[in-house]
Amino acid sequence: MDASRWERLQTLFHAAADLPSDEQRSYLASACDDDPSLADEALALLAADARGNPVLDRGIATLAHEVVGWASYAPPASHFGPYRVTRVLGEGGMGVVYFAERDDLGTVAAIKILRDAWLSPARRERFASEQRTLAQLNHPLIARLYDADTLPDGTPWFVMEYVEGETLTEYCRTHAASMEQRLRLFRDVCEAVQHAHRHLVVHRDLKPSNILVTGEGGVKLLDFGIAKHLESLDAADDRTRPGVRLMTPAYAAPEQIRAGRVGMHTDVYALGVILYELLAGVMPFDLTELTPGEAEKVLVEGEADRPAVAAKRAAAADAPRAPRPTATSAQWADLDVLCLTAMHKDPQRRYGTVDALMRDIDHYLKAEPLEARTDSVRYRLGKFVRRHWRLVAAASTVLTLVVALVVFYTVRLTIARNTALTEVARAQRIQRFTLNLFEGGDKAVGPADTLKAVTLVDRGLREAQSLDAEPEVQAELYLTLGGIYQKLGNLSRADSLLRLSLDKHRALFGENHRDVAANLVALGLLRVDQARFEEAEQLIREGLDVARRTLPPKDPAIAKADAALGRVLQERGQYDKAIPVLQDVVRLYEAPSARLETRDLAASLSALADVHFYSGHYAISDSLNQRVLAMYRQSYGERHPLVADILINLGASQFDLGNYAAAERFDLQALDITQAFYGPDHFKTAGNLTMLGRALVFEDRYDEAVVILRRALSIRERVYGPMHPLVASTVNELANIAIRREQWVEAETQFRRMLAIYHAVYGDKHYLIGLATSNLASAFMGRKDYAGAEGLYREAVRRFTDAQGPNHVNTGIARIKLGRSLLRQNHFAEAQVETLAGYDVLAKQANPAVSFLQNARKDLVAEYDSLKQPDRAAKFRAEMAESTSKAPAKPK
């Protein structure tokens, strides 16, 4: 076989491999109408490729089931992570797409599964490439990637945003869209493609069927199945298969047809074809009844009629897709330029970028001269007069008007130029500031080798303090540096910088400015860290009001301010108010029009998970946290501190449900990440240490726990001072160890300190005050002051019920403890009521072997025996025996 025949055979094989099996034979017959033997050879290669899989290892029954299953589009599993498949949406060469729902959030998505993943390594790689591409393209006009994984049999799948709508051309036809409406929709498509290009991704298969318009009129770009990174377009795998045509010929650029170099200019050509079809109502080339060879020649060598001519001819022939919008001859002249420049056969003569195409669309919509047209005096003057015909009609002479307007626009351009130069100077100043941070003591020897983050930030502060002549830059830097000091745990320095930045922003812009709003929210979040919650809420609400007065309704800054409000409401224990606020934030971030980073959505989901956790909705909280964990791992890798934060959250749920060993595993993973990232003495490390120490306490590993908790307490007192909720959290765990070691005086001292901190910070209404009160009562129980303990437990039950509800785990535990204090006083009937009520709350939510349930069963046996109710006592004796036999062994 000669080289040219082998090259053509490769081309046919790879093109057919991506088609459904029932279409492969007809495709090859059509493509090889001049050489039927070549089609037979390609079919033989396809069969051999299928046999290349270790079928015998899989078993005939398994193989038959998979083939039949795919043929009927039945999903290989009913659930993919938290998503439940309900129906088939469609099927193509790469795989099958299903409609799925999330029961926990009530949201929907589309799940794409690689069809016959075990047959073609090339197909698997393209599927994986599509996942990677979507993962980095976070744009409101591009269907998002939510999650990805593989089934146990190795079948890859990914979850993406479900988009319901009509194709771009169908939408324009059915809605009788005007010329301006079509152009504005098309401009949105260009914006999505431009975003992909900024991330060095070329789509390579743009066409109306990959562009949907939703019922709200928003555009969504789909299907990056054959997209390619610019830096890999010339990779070896493509060069060895020069004839591979993973494209739609009618929208493919000539260089794609010829298997030449592709790039951003390739997508520009496809956009030109789409625009042509939108405006003229027909395709630029009629490929019906043409052989592949004839179609290739037309696409590479043919010249399309001007869209104006094609539209007129289609309308005269009453073509069913002929456009109804009207345009003047002058407007059609510009539209012809737009289309034919984008579709030029020579890539060098096309619009150089999608951005250039968008600029000319904007020029057209504003009746301004196009950049793609020769700027003749007659052309520019005609455009000018058409834009300002009312003024021209009223003026005494055209010359006077032109002179006046030229002067006017010259002044405007001068102002715009000066504004742009100011912004450039500001950017350059900030760039110099950043570079100066990394200079060592002597510029001649280069940057210092031992620079630390604190050193850099302190140096940056000194630099910022010298910028009195540039107040806007100085205010912005103070805001940024204040946030950095806050993250480093230097809250007092952060406080002074954020207040100074706010003062400067107010002096520069007044009260109603977006920078003032951002500053107020930032200062409010600092107050949250300082546990000054009332002031925090006041600042954040003030910032939110300013943002709503000065910004568009869906501006990201408003969403971030709402998220901050949700956080402070959570910290104040107002969970019923925080949940709807954070749900609104999540919905805004997930909306098609949102222009936010993945991290913004993940942070809002994490905040919502926290509020559900504190409300006792553990299943919802864990489901949200698992989604966030997948997002963070995909965006940042396995060892990022944000990943550690979510692991801590998952551990907290397991702890509250009595699964202490599972909690310890999550906490250890998180500590390993956090300590490696921040170091051993950071306040984030102290938080992880406290959570780990708490798990060890409930696993009866007291000596290990004391060392860890004292280290955490030392760090937290240094960072936050003695009266902070996080200090109280660590004090609580040390007091619990004292209780278990029967050191009652030490325990009471620690619990009273904890209670004093919570009262000082939260006032009189917060579930944490109930927690401290209940824990203090346990010290009274230890020294046998049962009446004193009873009073404290009753107060704790009341506080938990008010703050978290009667069915919360904390309420259940407090009632069990209240029952025990009554039992010790021989008040058996009252004790039985409280113990059983608490037991019923916990039994529905916690591990059956959790210590609180074990203690409740033991007390119920004693209470029913004392009340002469042996049958009920026997029931709980049996449960005690069963739970003891199933309880896991304690760690050594």
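The values are calculated or read from the model by the stated rules, or taken from the named source; none is laboratory data. Everything quoted here is computed from the prediction, not taken from an experiment. Glycine gets a Cβ as well: all are built from the backbone with ideal geometry, and neighbour counts include every protein chain shown. Just so you know, the surface numbers come from the protein's heavy atoms only, side chains and all, with ligands and any DNA or RNA stripped out. Shrake-Rupley method; radii C 1.70, N 1.55, O 1.52, S 1.80 Å.
If you roll a 1.4 Å probe over the heavy atoms of the protein chains, what accessible area per residue do you get for the stretch 633-682, in Å²? Don't skip to the answer; put the middle values down first.
Numbers: 2140 Å² over 50 residues.
Per residue, the stretch 633-682 has 43 Å² of solvent-accessible surface.
Rolling a 1.4 angstrom probe over the protein heavy atoms, how many square angstrom per residue are accessible across the stretch 487-543?
On the way: 2490 Å² over 57 residues.
With the other protein chains kept in place, the stretch 487-543 gives 44 Å² per residue.
Surface analysis of the stretch 776-825 yields an accessible area of 37 Å² per residue, using protein heavy atoms and a 1.4 Å probe. Checking the cross-link pairs K577/K844; K220/K554; K297/K345 against a 23 Å limit on the alpha carbon distance flags K577/K844 as lying beyond it. The per residue volume of the convex hull around the alpha-carbon atoms of the stretch 614-721 is 98 Å³. For the stretch 681-776, with all protein chains in place and a probe radius of 1.4 Å, 52% of the accessible heavy-atom surface sits on carbon or sulfur. When the charge dipole of the stretch 608-764 is built from unit charges on Cβ atoms (+1 for Lys and Arg, -1 for Asp and Glu) and taken about the Cα centre, the candidate among Y614, A756, F683 whose Cα reaches farthest toward its positive end is F683.
For V761, the solvent-accessible surface computed with a 1.4 Å probe is close to 30 Å², ligands and nucleic acids excluded. Could you list the GluC sites (Glu not before Pro) in the stretch 712-746 that lie in coil according to DSSP, counting only those with at most 14 other Cβ atoms within 10 Å of their Cβ? Sites meeting the loop and neighbour criteria: E742.
What is the projected area of the convex hull of the Cα atoms of the stretch 735-867, averaged over all directions, in nm²?
Details: hull surface 30.1 nm².
Result: 7.5 nm².
Taking square-rooted eigenvalues a ≥ b ≥ c of the alpha carbon gyration tensor, is the stretch 153-215 rounded, prolate or oblate, where a/c under 1.5 means rounded and, failing that, a/b exceeding b/c means prolate? Oblate, since a/c reaches 1.5 and b/c is not below a/b. Taking every protein chain into account, the 1.4 Å probe leaves M880 with about 50 Å² of accessible area, to the nearest ten.
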